[in-house]
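*Asks:* Have a look at the structure that comes next, please.
The values are calculated or read from the model by the stated rules, or taken from the named source; none is laboratory data. As the structure is a prediction and not an experimental result, all values here were calculated from the model. We place every Cβ from the backbone using ideal geometry, glycine too, and count neighbours over all the protein chains shown.
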Amino acid sequence: MSSKITDLVDKIARLEQQLLDEIKEQEEEFQYKLEGHRVRFERSVEDAHRKLKTAILPWLKNSTLRNILSSPFIYAMVIPLAFLDLTVTVYQHICFRLYGIRRVERHRYVVMDRHQLAYLNGIEKFNCLYCGYGNGVIAYAREIIARTEQYWCPIKHARKVLGTHRRYSKFIPFGDADNYKTERIKLRDELKQE
């Protein structure tokens, strides 16, 4: 990997740390603490949140017809999402064991905690559960596929790819036939050492 790419990867790591620091400051600003999977607000903050909640009937009354009509189509997507969740989980438990690489920890990607906010009504909480699950499953599946790609075909594309995964920057440049075999082995070994 070129030194310029290494520098950029290091810069991304520093920015990720800055983001974590900002999130920690936000916890203090909004007066909550994480206790395992539970979020605990100070009592006065939670009481203030409850006062801001909109009841379901007024909330539905203020909803647009297009939002209400689209909801069955949105919620129906839970079926393919659950199927994806199940199949990539089975896949990684079988294949990653065979490859000798660490499995992706699902709980780090599928995070559903926004339903704990007292200022959300039941429908909003359900929507937050749905979106946390859906986006989490996609991120979880993406990491599983990214590790698979790093194991089998860690070559960059010739064309620009939007939204590449975090492993892509380490991949072998397109057309680098001289280094393909040795770099592929290094990238496989790197997976086994994670």
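*Asks:* Just the residues that are surrounded by 13 or more Cβ atoms within 10 Å (Cβ to Cβ) and either on the phi > 0 side of the Ramachandran plot or of a type in the set (D, E, K, R) (or both), please, taken from segment 45-86.
*Replies:* Glu46, Lys53, Asp85
*Asks:* Right, here's the next one. So, of the residues in segment 158-194 that are under 23 Å from the mean Cα position of the chain (by Cα) and exposed (fewer than 11 other Cβ atoms within 10 Å of the Cβ), which turns out to be farthest from Val90 (Cα to Cα)?
*Replies:* Lys160
*Asks:* Only residues that are in a helix (DSSP H, G or I) and surrounded by fewer than 14 Cβ atoms within 10 Å (Cβ to Cβ): list them for segment 87-101, please.
*Replies:* Thr87, Val90, His93, Ile94, Arg97, Leu98
*Asks:* Then there is this: Within segment 43-60, is there a residue that is of a type in the set (Val, Ile, Thr), in contact (Cβ under 8 Å) with a residue 24 or more places away in the chain, more than 26 Å from Ile145 (Cβ to Cβ) and not in a helix (DSSP H, G or I)?
*Replies:* yes
*Asks:* I'd like to verify a number: residues in segment 120-157 that are part of a helix (DSSP H, G or I) and within 21 Å of Arg97 (Cα to Cα), how many?
*Replies:* Qualifying residue count for the region: 15.
*Asks:* Can you find a residue that is touching an Asp or Glu at 6+ places or on another chain (Cβ under 7 Å) and either modelled with pLDDT under 95 or not polar (S, T, N, Q) (or both) anywhere in segment 110-126?
*Replies:* yes
*Asks:* Test Ala141 against the criterion of being surrounded by 13 or more Cβ atoms within 10 Å (Cβ to Cβ), under 20 Å from Ala82 (Cα atoms), in contact (Cβ under 8 Å) with a residue 24 or more places away in the chain and touching a helix residue (DSSP H, G or I) at 6+ places or on another chain (Cβ under 6 Å), and give yes or no.
*Replies:* Against the criterion (surrounded by 13 or more Cβ atoms within 10 Å (Cβ to Cβ), under 20 Å from Ala82 (Cα atoms), in contact (Cβ under 8 Å) with a residue 24 or more places away in the chain and touching a helix residue (DSSP H, G or I) at 6+ places or on another chain (Cβ under 6 Å)), Ala141 qualifies.
*Asks:* For segment 120-138, which positions are in contact (Cβ under 8 Å) with a residue 24 or more places away in the chain and charged (D, E, K, R)?
*Replies:* Hit for segment 120-138 is Glu124, nothing else.
*Asks:* Within segment 73-119, work out how many residues are of a type in the set (Ser, Thr, Tyr) and more than 18 Å from the chain's Cα centre (by Cα).
*Replies:* Of the residues in segment 73-119, 4 are of a type in the set (Ser, Thr, Tyr) and more than 18 Å from the chain's Cα centre (by Cα).
*Asks:* Could you please find all residues in segment 25-37 being loosely packed, with under 10 Cβ neighbours inside 10 Å and either farther than 30 Å from His49 by Cα or within 20 Å of the chain's Cα centre (by Cα) (or both)?
*Replies:* Hit for segment 25-37 is Gly36, nothing else.
*Asks:* Here's another thing I want to ask about it. Please verify whether segment 16-25 includes one or more residues that are in contact (Cβ under 8 Å) with a residue 24 or more places away in the chain, β-branched (Val, Ile, Thr), assigned to a helix (DSSP H, G or I) and not assigned by TED's automatic domain parsing to the domain that holds Pro173.
*Replies:* Taking every residue of segment 16-25 in turn, none turns out to be in contact (Cβ under 8 Å) with a residue 24 or more places away in the chain, β-branched (Val, Ile, Thr), assigned to a helix (DSSP H, G or I) and not assigned by TED's automatic domain parsing to the domain that holds Pro173.
*Asks:* So, one more: Return yes or no: is Glu28 in contact with a strand residue (DSSP E or B) (Cβ under 8 Å, 6 or more places away or on another chain) and farther than 30 Å from Arg188 by Cβ?
*Replies:* So Glu28 fails the test.
*Asks:* Only residues that are part of a loop (DSSP other than H, G, I, E, B) and without any contact (Cβ under 8 Å) to a residue 40 or more places away in the chain: list them for segment 104-119, please.
*Replies:* Within segment 104-119, Glu105, Tyr109, Val110, Val111, Met112 qualify.
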